[in-house]
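Asker: The structure that follows is given in the form of structure tokens.
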Amino acid sequence: MLVLGIESTCDETSCSVVRDGKEILSNVVSSQIELHREFGGVVPELACRLHIDKIIPVLDESLKVANVTLDDIDLIAVANAPGLIGALLIGVNAAKALALATGKPLVGVNHIEAHLYAAVMGEEIPFPALGVVLSGGHTSLVIMDGVGQYREVSHTVDDAIGEAFDKVAKVMGLPYPGGPEIEKLALKGDATRFAFKAGKVKDAPLNFSFSGLKTSVLYTVKGPRASQKSPIIISEEDKADVAASFQEAAFSDIAKKVKIAAKEQNCKSIILGGGVTNNKYLRKVLAERCQNLPLYWPAPALTLDNGAMIAGLGYHRFLLDGGSEPHKLEVSTQAAWS
Ligand code: KG4
Ligand code: ZN
């Protein structure tokens, strides 16, 4: 079955053609990062305008690269949750129009669930697995009994991990998106220099909290009780140590909770997804500290937002639930398991 996947939840417009949920024939991604960078983060109105400009050229390119036409497509899958509401609507309306014009079935796919699917694509995974979502907007641990079957174990009570990276980078005067910048700077730093710690969540010890960690970084970089607008008072060398120590604190916390949750829930594997899985230090920390279970990471081209993970999961969603009538497919800001 040939599936066309459409993704427009945030700042990437992407279309992809995937066969039977696993064989990627094309995965065209138009990133808006350069345009949002000058504003220090994603500007929703700008994101929507860029999706409108790019959706048709990206769709055409994805069919061309896959060497197929719309006639060859068996199913249209589109990310319909969660994301920026205006951005979601552009992909969803394009998908509805295609479905109505061609008579092909249409299925809505949850973007966060698809981030986890990115690591599963084409793999035989031992279930139950612990799904670890580490993205710009979400941080959660979920038990996966199979593709499409989830039980949430924990989530962040404040910032998502990617958001914490982006905010810490901003405090240090680094450009958006902050994750790759922090990773690069941390390579030159000493991770033991500052004793940062992620927050503890009373009554729900597997939940995450990164906002206190972010404030500790702010006070270290700009002085006690400083505000976001205060000047930086530490040297470039110190900044590298802050970046390395922040990363160490955040990833140690994640590794510790992943290990506990996997054990408590008798998981046979660990599946990771979301933009932060790009980080090589994260991959090293988890590989070292979770040695008893196999870890499944997305291929580098599938870590950030992309249409392939939407098409891949869309195939399974369609087999599980069937499609939606175009006029009934709605957008939503909910994660798959909330
Ligand atoms: O999964 P994603 O595309 O966003 C959502 O679906 O929300 O991930 C984007 C996030 C950003 O916060 C970005 O800073 C972070 O992933 N990120 C990284 C790295 N590359 C991207 N964080 C840490 N290290 C990286 N190398
Ligand atoms: Zn994403």
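The values are calculated or read from the model by the stated rules, or taken from the named source; none is laboratory data. Computed from a predicted model, the values in this text were never measured in an experiment. Ideal geometry is used to build each Cβ from the backbone, glycine not excepted, and the neighbour counts take in all protein chains shown. Accessible surface is based on the protein model in full, side chains and every heavy atom, while ligands, DNA and RNA are left aside. Shrake-Rupley method; radii C 1.70, N 1.55, O 1.52, S 1.80 Å.
Asker: How much area per residue is accessible in the chain when the probe is 1.4 Å and only protein heavy atoms are counted (Å²)?
Answerer: Computed with neighbouring chains in place, this is 43 Å² per residue.
Asker: Measure nothing but the geometry: give the 0 to 90° angle between the long axis through the Cα atoms of 85-102 and the longest principal axis through the Cα atoms of the chain, rounded to 10°.
Answerer: So the inclination is approximately 20 degrees.
Asker: Also, quick follow-up: If you fit an axis through the alpha-carbon atoms of helix 44-66 and take the longest principal axis of the Cα set of the chain, what angle between them do you get, 0 to 90°, nearest 10?
Answerer: For helix 44-66, the angle is close to 50 degrees.
Asker: Wrap a convex hull around the Cα atoms of segment 126-297, take a quarter of its surface area, and give that in square nanometres.
Answerer: Its Cα hull, projected and averaged over all orientations, spans 9.6 nm².
Asker: In segment 126-297, what percent of the accessible surface is made up of carbon and sulfur (1.4 Å probe, ligands and nucleic acids excluded)?
Answerer: Result for segment 126-297: 53 percent of the exposed heavy-atom area is carbon or sulfur.
Asker: Mind giving me the nanometre distance, one decimal, between the label points for Gln334 and Ala287, set 7 Å out from Cα along Cα→Cβ?
Answerer: About 3.9 nm, to one decimal.
Asker: Helix-only mean residue ellipticity at 222 nm, the chain, DSSP H runs n ≥ 4 weighted -39,500 (n - 2.57), per residue, nearest 500. What is it?
Answerer: Using -39500 (n - 2.57) per qualifying helix, the result is -13500 deg cm²/dmol.
Asker: Calculate the all-directions average of the projected area of the chain's alpha-carbon convex hull, and give it in nm².
Answerer: Hull-based average projected area comes out at 16.6 nm².
Asker: I need two numbers for segment 82-206: Rg to one decimal and Dmax as a whole number, Cα atoms only, in Å.
Answerer: 18.7, 61
Asker: For helix 211-222, what angle does its Cα long axis make with the longest principal axis of the chain, in degrees from 0 to 90 and rounded to 10?
Answerer: The answer is roughly 50 degrees.
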